[in-house]
Every structure is written in structure tokens, then in C-alpha cells.
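The values are calculated or read from the model by the stated rules, or taken from the named source; none is laboratory data. As the structure is a prediction and not an experimental result, all values here were calculated from the model. No Cβ is skipped: glycine too gets one built from the backbone with ideal geometry, and neighbour counts run over all protein chains shown.
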Amino acid sequence: MLTKRRSPYIAIGVFAIILIVISAFYLPSNMGSNKTADRQKNTSSQQDMPGMPGMKVEGNQNHQHGIPQTSQPIEGMTETPTIEIPTDKQQLIGVRTVTVDMKTVTKTIRATGRIEYNEQKRYVVNSRFEGWLERLNANFTGKYIRRGDPIAEIYSPELLSAQQEYLNLLKWQPQSSPSSNTYSDKIDSMITNDTQSVLQAAKQKLRLLDISDSQIEEIARTGVPRRTLTLFSPVSGYIAGKNMYQGQKFMAGETIVELADLSTVWLVADIYADSIPDIRVGQMAAIDLIYFPGRIYNSSIDYVYPTLAQDTRTLKVRFTIPNPDMQLKPQMYSDVTLKVTLGSKLVVPEEAVIDSGTTQLVYVDKGQGIFEPRKVIPGVKSDGMVEILEGLKVGDKVVDHATFLLDSEARLKGVVQ
């Protein structure tokens, strides 16, 4: 009876032992398989770039809370962060590279210019005594005056007095020189010499008052002082300024008119700050005025001004341009183009440089779809090229197309901060 009661318990115990053995055999194998699958899944997720399938970041990365972090390099080794793009993906997004090389850089400097009077050919007509303008022939600004044309007729009591003094001395001048050596003749000779000296002084005074020799001879011939004096133009030119009107009184030294000779004119151009170090006297420029389509004036810089313009902070340079046909007028505006050779420099296309505001990067092609972001120091820019002062060497290959896409992915993966 006791044996029949124990037999069910014995059967249950044997069955439980069998289950334990089976579990011990299968569970470790399945757990290992699951761990292997999870490890492969993690590796795949680390390599694939979220924005572009198939793009990978070189180096080991540990993901914590979904944020990629670049692993620390092994002690004694330096690991450069790079980004990997397969060839088919490069073709898809349009990646293109160029080889860094030394090239002769010609910088094009563009500026605006303005035609101005040639200051070396501006003249002032004034009087050396006070008086009144009896008649003003140069009676409006812009009038063309030839050399020798009358400018004005002026009346002056001072001038009239100087003429009368000269005529009185002429009357004291002896008609013949004494021939004997008597005492009276010697006295006459001394008086004659003194009279000649005083007469020459009076004549010189008239010259200093801007009376010409021909006018002085006319006064001596007629024996009558002239009430008015005619002022003649010393040069041919245009009236650039007029400060007097007919009938007006003027003081000694006061300007009556200003004349400007436009046979040559100045063009003054404004050079911006980034081009100032490249400007030299003697550099040739092409000058284009919209008033004369298709016509280019070529001239060289003949003067660089020593200071900057206060309002524009630009450097002024000057060109002298012949103007035989008088077509160039003051205050005309023009476009000025200078080409300056800067020598042989290490350059890349401007599109290859990513400017973040604080740093400048290029992406160097390391081969096999690997690209390295590298900081550079740019120099001058010219005709779509930029000089690289530091960060690259001859022979490096850099990306010059689709650089923005590469930079976006690199920043997304934490390769570039």
C-alpha cells in the first residue's frame, strides 16, 4: 500500500529532473545568440549615418541616450576624425574634388571714380589793388575764355595815381645828355641819372599793379592816364568760379574769377580697405564711363593720397587723363578696374572653404571615400580663388562641390563641433 502511494511522486520528480537538464542545455546557447545579434545590430547602427544611409563615421563610438560621442584615442596614438561616403553616394550628391596647387594670383580690384579738375591747371584772376568792376566780361560760370581775352575792366584811384606819377617823371626826363664837363653840366647829369632811376621805379610799380608793357607804352605815348585798366586771361580755360558782379567793389587780392584748363583732368578713385595693401603708384587701370559705351580709357596711378576719407574710410588714388576733345567733364562717375599680380600662391576655389564665422574648414579627400575636415587659415581672394596660408600643402585634394552637405553630416555626427 505504501509503494502505491510513492510511485506518483517518484514519476513527478523524474520529470522535473529531465526539464532542468533540458533547460540547462538550451538556455545558454539562446542567450549567446541573442547577445551576438544585439552586438551586430549595435555595430550596424553606429556605422550607418542617420541622414544618409550608407555613410559612416570612422572610429569607435559609444551611444548613450542616442547621442553619438567620439571615443578617446588609444594611448600613444592620434586619431583624426573623418567621415566616410561610398563612391555611389558621392556621385549621388555631386561630390567633386580639386588638387591644391601653386598658381600665379592676379587680384582684380574694382572701384568707383569721379572726374575732377586738374588742380595743377586751375588759375585765379584777382587784382593787386582795390577798385570797382566797371565791366565784367567773364560774366557766367562755365564760359570758355581764351588766353589773352579780356576778363574785366576795373577802375582804381590808386592805379590812376600811379599812372600820373609816371607821366610827371617823364616830363622831368631831359631830352639830351650834357656834352661838357662844366659844374652845371655835372649837376644836370646827376639829376638826369636820378630821374632815370625814379622813372624806372615808377614804371616797375605799374608792372607790379598788373599793367602790361604795351599798356605802359600807350600811356607814355598819349601822355594821358587811363581811367580803367583791362585785366586779360593768363590761360585758356573755363570759368570754374565767379565771385564778383559788374559794378561791385573789390579789395586788393580778392578773387574775381577762377579758370580751369580741362585739356587734362584728374580721376579720383576710392579703394576699399581690403585692397589698400596692394595699391602702388604706376599700376595701370581700365576706366569705363557709362557716358561713352564701349570706350575704355587706360591710365596709371600717379598719386596715392596719404590719408583715408573720413566719411567712407576709403583710400583715394589719382589718375591723370588727357582730354583733348573736352568730352570728360568734372563730376562724371566711372568704373575703375585694376589687375594686380600678387605672385605665386597656394590656392583653392572659394567654394572649397566652409566659413563658420569663427573657423574656416576644408574637407580633404583621403581616398577610398574617406574625407577629413581640416582647419585652414585663408588669405587673399581673387577671381573665385582663395589663398591658403596654413592647413594645406601642394598635392592635397579638397572637396569644392557639395561641401555644405559633407559639413552638415559631419556636424550631425559630432565629427565637427
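Run down Lys381, Lys397 and say which single residue is among the basic types (Lys, Arg) and either within 22 Å of Thr106 (Cβ to Cβ) or under 22 Å from the mean Cα position of the chain (by Cα) (or both). First the steps, then the outcome.
Working: Lys397 fails: either within 22 Å of Thr106 (Cβ to Cβ) or under 22 Å from the mean Cα position of the chain (by Cα) (or both).
The conditions single out Lys381.
For every residue, the table says whether it meets (1) assigned to a strand (DSSP E or B); (2) of a type in the set (D, E, K, R).
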residue	(1), (2)
Arg221	no, yes
Val224	no, no
Leu229	yes, no
Gly241	yes, no
Met244	no, no
Leu262	no, no
Leu267	yes, no
Asp270	yes, yes
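So, in the stretch 118-132, of the ones that are in contact (Cβ under 8 Å) with a residue 40 or more places away in the chain and assigned to a helix (DSSP H, G or I), which residue ends up nearest to the chain's Cα centre (by Cα)? That would be Glu119. Could you tell me whether any residue of the stretch 368-389 is under 13 Å from Pro81 (Cα atoms) and among the acidic types (Asp, Glu)? The answer is yes, given that some residue of the stretch 368-389 is under 13 Å from Pro81 (Cα atoms) and among the acidic types (Asp, Glu).
Listed here are the residues, each with its yes/no results for (1) in the same structural domain as Ser236 (by TED's automatic domain parsing); (2) surrounded by 15 or more Cβ atoms within 10 Å (Cβ to Cβ); (3) farther than 30 Å from Asp302 by Cα.
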position	(1), (2), (3)
Thr97	no, yes, yes
Val100	no, yes, yes
Ser127	yes, yes, yes
Trp132	yes, yes, yes
Arg135	yes, yes, yes
Phe140	yes, no, yes
Gly148	yes, no, yes
Ser156	yes, yes, yes
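Restricting the stretch 312-333 to residues that are within 14 Å of Thr112 (Cβ to Cβ) and assigned to a loop (DSSP other than H, G, I, E, B), the residue that is modelled with the lowest pLDDT is Thr312. Among the residues of the stretch 261-288, write down those that are closer than 24 Å to Arg122 by Cα and buried (at least 19 other Cβ atoms within 10 Å of the Cβ). Those that are closer than 24 Å to Arg122 by Cα and buried (at least 19 other Cβ atoms within 10 Å of the Cβ): Asp261, Leu262, Val265, Trp266, Leu267, Ala269, Ile287. Restricted to the stretch 202-247, and to residues that are among the polar types (S, T, N, Q) and under 46 Å from the mean Cα position of the chain (by Cα), which residue is modelled with the lowest pLDDT? Here the answer is Asn243. Of all the criteria given as (1) modelled with pLDDT of 90 or more; (2) surrounded by fewer than 16 Cβ atoms within 10 Å (Cβ to Cβ); (3) within 24 Å of the chain's Cα centre (by Cα); (4) not small (Gly, Ala, Ser), the one not satisfied by Ile301 is (2).
Inspect all residues belonging to the stretch 81-92 and state whether any of them is surrounded by 16 or more Cβ atoms within 10 Å (Cβ to Cβ), outside the structural domain of Val353 (by TED's automatic domain parsing) and more than 21 Å from Phe250 (Cα to Cα). No, because not a single residue in the stretch 81-92 is surrounded by 16 or more Cβ atoms within 10 Å (Cβ to Cβ), outside the structural domain of Val353 (by TED's automatic domain parsing) and more than 21 Å from Phe250 (Cα to Cα).
Here's the yes/no breakdown for (1) within 30 Å of Ala269 (Cβ to Cβ); (2) not in a strand (DSSP E or B):
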{"position": "Val98", "(1), (2)": "no, no"}
{"position": "Glu116", "(1), (2)": "yes, no"}
{"position": "Glu134", "(1), (2)": "no, no"}
{"position": "Phe140", "(1), (2)": "no, yes"}
{"position": "Ala152", "(1), (2)": "no, no"}
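Within the stretch 349-372, being within 24 Å of Asp88 (Cα to Cα) and of a type in the set (Gly, Ala, Ser) holds for Ala352, Gly367, Gly369. Among the residues of the stretch 248-257, write down those that are part of a strand (DSSP E or B) and either under 33 Å from the mean Cα position of the chain (by Cα) or exposed (fewer than 14 other Cβ atoms within 10 Å of the Cβ) (or both). Correct list: Lys249 only.
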